[in-house]
Amino acid sequence: MDVFQLRDRVLKGGKVTRDEALELFTYEGPDLLDLFAAANRVRHHFRGARVSFCSIMNVKSGRCAEDCVFCAQSVRYKTGVPEYQLLDVEAMVKEAREAAKRGSGCFGLVAAWRGLTKGAILDNVLEALRRIKAEGIIHPDASLGIIEDPAIAKALAEAGLYEYNHNLETSRRFFPRICTTHSYDDRLRTISYLKAEGVLICSGGIFGLGETIEDRVDMLLDLREVGVDTVPVNFLNPIPGTPMGDVPKMSPLECLRCLAVARFVLPEADIKTAGGREVCLRDLQAMMFFAGASSTMLGNYLTTFGRSSEMDLQLVEDCGLTAAVKGALSAL
Ligand code: SF4
């Protein structure tokens, strides 16, 4: 395969086929850096020199009834994760202000539960979104699980929700191996409800769960089909106590390859390195942008620590890139 020919086709609006994406996952030469260089050019063409940042807050932690095998917050695994119910609105708004000060363009309210239903919890989430929007602090995002009622998606949109995170996690074929308490279709349906309300969609997955390259490619193709705006690329950070606790971490080069293939398959999307970035990429973190990523998280993850915001802002500058908020806050 000539990755530069493929790059030129993508730059002209061409789509990578399934076979080509599979080949990219095994591409070796003449130089593996060719793959990253080609992905970098695609990133630059579609996303420019801007790197977007987002921060998240775990607004309800632990004791989730679902059984996702990688997750420290499932009630089925003993991981020692902090457990608390939904934080109050003031705490969420305060943390949104902190995220904006750090330089993030988006702030996501994330909760460990199966999904949102009508009631007091939803009312509090809506109130937090309204406050964050009304005060013009930052783009309010959320990751609140499965939504089974389109009216809830509508209410979130009306409260000012900018983008909703709901990962496909892996391929349809592999999904039952990582979760048995809800389905791939539950996830697709949730995304469709939010999309119908004009909310941007942040959806990606976790690499390194034992999936095949076919699974990786099929998930990326499904994300392309759905038409997602942001693609979080998580690398498994094995948490002791979960069924994935002993799974070896991916190598840095394998992680970079996932980013590069994601950039080829979804050339216009905001490809975001998320969980597992520091522990899996290690000293090759700077390479994530030169392999196709256009975004990353700032600050901590849900149950694990990230590094300091200053280090990441410096990293972006050192790479000759520019930190950018996602869209104009004046549009809020
Ligand atoms: S639904 Fe979310 S919080 Fe619950 S176990 Fe799965 S990944 Fe964890």
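Values in this text are rule-based calculations from the coordinates and carry no lab data. Nothing here was measured: the structure is a model prediction, and the numbers come from that model. All Cβ positions, even for glycine, are placed from backbone atoms using ideal geometry, and neighbour counts span all protein chains on display.
As an exercise, take the mean of 1/r over every pair of distinct alpha carbons in region 189-264, invert it, and state the Kirkwood radius in angstroms. Write down the numbers at each step before the final one.
Details: mean 1/r = 0.0731 Å⁻¹.
By the Kirkwood definition, the hydrodynamic radius is 13.7 Å.
Could you give me D for region 66-210, from Stokes-Einstein at 20 °C and 1.002 mPa s, where the hydrodynamic radius is the Kirkwood radius over C-alpha pairs? Units µm² s⁻¹, please. Value of D from the Cα-based Kirkwood radius: 134 µm²/s.
Using 0.36 nm per residue, how much length does the chain from L11 to R282 gain when fully extended, once their Cα-Cα distance is taken away?
On the way: separation 271, 0.36 × 271 = 97.56 nm, distance 3.03 nm.
Full extension from L11 to R282 adds 94.5 nm.
What do you get for Rg/Rh of region 107-185 when both radii come from the Cα atoms and Rh is the Kirkwood radius?
Numbers: Rg = 13.8 Å, Rh = 13.5 Å.
Here the Rg-to-Rh quotient is 1.02.
Within the listed set D123, D283, D215, the Gaussian network model of the chain (springs between alpha-carbon atoms below 10 Å) gives the highest mean-square fluctuation for D283.
Sorted on the mean count of surrounding Cβ atoms within 10 Å across their residues, most packed first, peptides 129-139, 246-256, 269-279 read 269-279, 129-139, 246-256. Please work out, to two decimal places, the log10 of the ratio I(q)/I(0) at q = 0.13, 0.15, 0.23, 0.24 Å⁻¹ from a Debye calculation in which every Cα of region 143-234 carries one identical scatterer. Relative scattering, expressed as log10 I(q)/I(0), comes to -0.40, -0.53, -1.13, -1.21. Remark: region 177-332 projects, on average over all directions, an area of 10.2 nm² (convex hull of Cα atoms). Debye-formula intensities of region 1-101, expressed as log10 I(q)/I(0) at q = 0.14, 0.22, 0.23 Å⁻¹, are -0.80, -1.05, -1.13 (one equal scatterer per alpha-carbon, no solvent). Three principal axis extents of region 3-325 based on alpha-carbon atoms, in descending order, are 58, 39, 36 Å.
Charged side chains reduced to their Cβ positions (Lys and Arg at +1, Asp and Glu at -1) give the chain a dipole of some 360 debye around its Cα centre.
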